[in-house]
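First comes the structure, then the notes that go with it.
The values are calculated or read from the model by the stated rules, or taken from the named source; none is laboratory data. What you see is a predicted model, and the numbers here were worked out from it, not measured in a lab. Don't worry about glycine lacking a Cβ; one is built from the backbone with ideal geometry, like all the others, and counts go over all protein chains shown. We work out accessible area using only protein heavy atoms, side chains counted, and drop any ligands, DNA or RNA first. Shrake-Rupley method; radii C 1.70, N 1.55, O 1.52, S 1.80 Å.
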Amino acid sequence: MTEAVTRGKSRAGDSLRRVEDDRLITGKGKFTDNRASAGELHVHLVRSYVAHARVASLDLEAARQSPGVVAVYTAADLAADGVNPFPAVKGFTRPDGEPMVHPDRHAIAGDVVRHVGEIVAAVVAETQAQAADGASLVEVDYDELPVTGSLEQAVEANTPAIWEGCPSNAVAYKEFGDAEAVAQAFAQAAHVSKLDLRNNRLVGNALEPRTVLCEYDAETGRRTLRLGSQNVHGLLGGLSATLGVPKETLRVIVEDVGGAFGIKSGLYPEDVIVAYAAAKLKRSIRWRGTRSEEFVATVHGRDQISHAELACAADGRVLGLRIETQGSVGAYPTGAGLAIPLMIGPKVATSLYHVPAFHLQATAYASNTAPLGAYRGAGRPESIYLMERLMDQAAREMGIDPVEMRHRNFIAADAFPYTTPMKEVYDSGKFGEVLDRCIEVSDWNGFAARQAQSQATGKLRGRGLSCYIEWTGAEWKEEVRLEATPQGLTCYSGTQAMGQGIITTYLQLLSESLDLPLEQLQVLQGDTDRVQGMGSYASRSLYIGGSAVKEGAEVFLEEARKLAAEALEAAPEDLIYQDGRFTVTGTDIGVGLLELAEQQPDQTISTTSSTRIPVPSWPNGAQVAEVEVDPETGKIQLQSLVAVDDVGNAINPMIIAGQVHGGMAQALGQALLEDAVYDESGQFVNSTFLDYALPRADDLPSLQTELHPGVPCETNPLGAKGVGELGTVGATPAIVNAVLDALREQGVTHLEMPLTPQRVWAALNH
């Protein structure tokens, strides 16, 4: 996917409007399902309507005879043609210390289905309607098995294990910290706060549902997969391994994605089925995911239960923290689904506070539900929500102002680099300054007057605070190729645009580094034939990918300088580079960069460079929320939400604000509206927008965001810390803390998310 613009020069720090948007808002987007493919066939998938069962029989004859149906495939067909299970997830151990074992996950289920929505057959036809008609004629008999329909059921001691070879549904375990030191801290504590809470399961619901198109080249037999993905090479590797074919026989192309949030970062069964059918039938194949399929078959996020205890001295200083977390991985393990409760969330469990003694036990549980994966924040929102709820509770119980409680426990500004109990190293931060600025911008101290106004209209008003940190990075290496021709310069990057404005940011970095106008620059991503790299997730696009762009530009200019010196018969050190032109010092003799490219034998100057940044970065911030609650109905209205964030050096403040705004909206969804609910039989009971509530425009006030300057990251050449998840990480606890503040005088001190009107009304009228 390329982007080019005509806007002159730009540089880091400019609030340049996103260059991607002109094309997208004028209907010129290139989404997978907009792309026509001559002679294509269509796939419709038959999905299990039971959560756990043996597939006793499949009757396919009526489907095969249905008009327009070309083929019907089952697990046996794929196995006979050498299609493998999904690559195994390795490196985890069970609570008993034995290696984790898990069932093979196949693109089409064989003998056993383990969640509603799992695929049992694929019907291919000339049209989408004919494929759906044929699929409706497939008859499946199930012998139902015991069901574990939720995380709450999975943690019960006597629940039958759903994975063969596992003694229980506790399938993986990790422990961190020093239990003995924590026990000593608790023995010395003047106060202990205890909190049990649930982090509700969420559905990603990207704007564009997943669609897969596999184009078949009849001459070469090569297959080109077009879809929305965050990591084309990761997908290529998984697809190659599963299909059992060399990578060279496949190509993955991503154009516009339409939102991803982590849920489009991995390989899905539909990808394998479409690619398989294309080779089998030697035709191009399309699967168009419906919103209903997205609900039951795309990875879900969150779904954790935690018990936490905070030991404090008499003045509120934290002495020790003890956490037990149970996280769901669903019916099949994904790498992200396991890493979130067992590795990623624990990294920020102590947040931006000094915690002298720390102990965390995390257990992952299997259940007959959709698999868990990455969803915006992926572990950081869960951990920060727990810590901020706990800090607020401890402050209230001890009679300490919640702002002061945090100030007393922040890592001091002169303590960096600071090593956490998780052995993570924070390179920089001024947490107290960030909080103080957020208190000022939000008019925290003027709350009493606004509360009185609400009371005059019969409403309850509350304010809530959250302070937070998250880490950005993962897969610490990124490669870029810069290529200049007489027409302009192209940067080839393996990171992936998916709505976060990264193309614009890269163009700014290139314009500044190469001193060229934007109209002479473009960025190409999303094509395994043309780019190398690790994709975009964990907010790595700027922190690592942007650093690679900056360093790649330096490597390119060094090579261009050598070529210019040869062309101008001058020493490289005697050349001045300005406005895209090399000039010999003290003369007007020079050559433009694009002119220099035209002089080369192949009219191209090309360099490839690799950047490695082996440590994460630590963006952080503070948010304040104010809410109004109607005690008659339980309805909550968010009145204001303010964020002050430290993202290090800001490359494009406007894009940062947009990212924070979007994250805040998703956080509000979790706090007040969203909850993916499975019943005891494993049925997903609210799997449509009729029952699953997403935020609307009128649920949000005008959002205020601000950046805290002067604290650059110390570990990358940009000095940038990243921003992708900050809005989501910070807003959920701020909103919930605000609601509990509003309800406190009514005797309500704890509610589980989402804080729906029904739940609030019931708490007020218990």
(request) Identify the residue in the range 404-434 that is out of contact with any helix residue (DSSP H, G or I) (no Cβ under 6 Å at 6 or more places or on another chain), assigned to a helix (DSSP H, G or I) and of a type in the set (A, V, I, L, M) and, among all such residues, is least open to solvent (accessible area, probe 1.4 Å). (result) V434
(request) Please list, ordered by first then second residue, the pairs with beta carbon atoms under 7 Å, 6 or more apart or interchain, first in the range 702-716 and of a type in the set (S, T, Y), second in a strand (DSSP E or B) and open to solvent by 30 Å² or more (accessible area, probe 1.4 Å). (result) none
(request) Check whether at least one residue in the range 519-533 is out of contact with any strand residue (DSSP E or B) (no Cβ under 7 Å at 6 or more places or on another chain), open to solvent by less than 30 Å² (accessible area, probe 1.4 Å) and not in a loop (DSSP other than H, G, I, E, B), and report yes or no. (result) no
(request) Hand me the list of strands (runs of 3 or more DSSP E) wholly inside the range 264-381 holding 3 or more residues that are open to solvent by 10 Å² or more (accessible area, probe 1.4 Å) and not acidic (D, E). (result) 300-312, 318-330, 357-366
(message) For the structure I just gave you, tell me whether G473 is within 29 Å of G345 (Cα to Cα), open to solvent by less than 10 Å² (accessible area, probe 1.4 Å) and touching a strand residue (DSSP E or B) at 6+ places or on another chain (Cβ under 6 Å).
(response) no
(request) Look at A564 and say whether it is touching a residue at least 24 places away in the same chain (Cβ under 8 Å), surrounded by 19 or more Cβ atoms within 10 Å (Cβ to Cβ) and assigned to a strand (DSSP E or B). (result) no
(message) Condition first: in contact with a helix residue (DSSP H, G or I) (Cβ under 6 Å, 6 or more places away or on another chain) and not in a loop (DSSP other than H, G, I, E, B). Can you find one or more residues in the range 688-698 that meet it?
(response) no
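Quick one: would you say P717 is in a helix (DSSP H, G or I) and in contact with an Asp or Glu (Cβ under 8 Å, 6 or more places away or on another chain)? Talk me through it step by step, then tell me what you get.
Working: in a helix (DSSP H, G or I): no; in contact with an Asp or Glu (Cβ under 8 Å, 6 or more places away or on another chain): yes.
Against the criterion (in a helix (DSSP H, G or I) and in contact with an Asp or Glu (Cβ under 8 Å, 6 or more places away or on another chain)), P717 does not qualify.
Given the structure, is A88 of a type outside the set (V, I, T), more than 26 Å from E208 (Cβ to Cβ), within 30 Å of the chain's Cα centre (by Cα) and not in a helix (DSSP H, G or I)?
Yes; evaluated as a whole, the condition is true for this residue.
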(message) Could you tell me how many of the residues in the range 740-758 are out of contact with any Ser or Thr (no Cβ under 9 Å at 6 or more places or on another chain), in a helix (DSSP H, G or I) and either over 19 Å from D196 (Cβ atoms) or open to solvent by less than 10 Å² (accessible area, probe 1.4 Å) (or both)?
(response) 4
(message) Looking at the range 471-495, I want the residues that are under 27 Å from L596 (Cβ atoms) and outside any strand (DSSP E or B) and have a partner that is of a type in the set (A, V, I, L, M, F, W, C) and open to solvent by 10 Å² or more (accessible area, probe 1.4 Å) with Cβ atoms under 9 Å, at least 6 apart or on another chain. Which pairs are those?
(response) P486/L594; Q487/L594; G494/M534
(message) Of everything in the range 610-642, what is open to solvent by 20 Å² or more (accessible area, probe 1.4 Å) and among the hydroxyl-bearing types (S, T, Y)? Give them in sequence order.
(response) S610, T633, S640
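Restricting to the range 577-587, count the residues that are more than 21 Å from G8 (Cα to Cα) and loosely packed, with under 14 Cβ neighbours inside 10 Å.
3
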(request) Check A734 against each of (1) open to solvent by 10 Å² or more (accessible area, probe 1.4 Å); (2) over 19 Å from V203 (Cβ atoms); (3) among the aliphatic types (A, V, I, L, M) and name the one condition it does not meet. (result) (1)
(request) State all residues of the range 146-193 that are within 27 Å of Q683 (Cα to Cα), touching a His at 6+ places or on another chain (Cβ under 9 Å), open to solvent by 50 Å² or more (accessible area, probe 1.4 Å) and modelled with pLDDT of 95 or more; if no residue qualifies, say none. (result) P146
(message) Report every pair of residues separated by at least 6 positions or lying on different chains whose Cβ atoms are under 7 Å apart, first residue within the range 404-416 and in contact (Cβ under 8 Å) with a residue 24 or more places away in the chain and at negative phi, second open to solvent by 30 Å² or more (accessible area, probe 1.4 Å) and basic (K, R).
(response) R408/R317; N409/R317
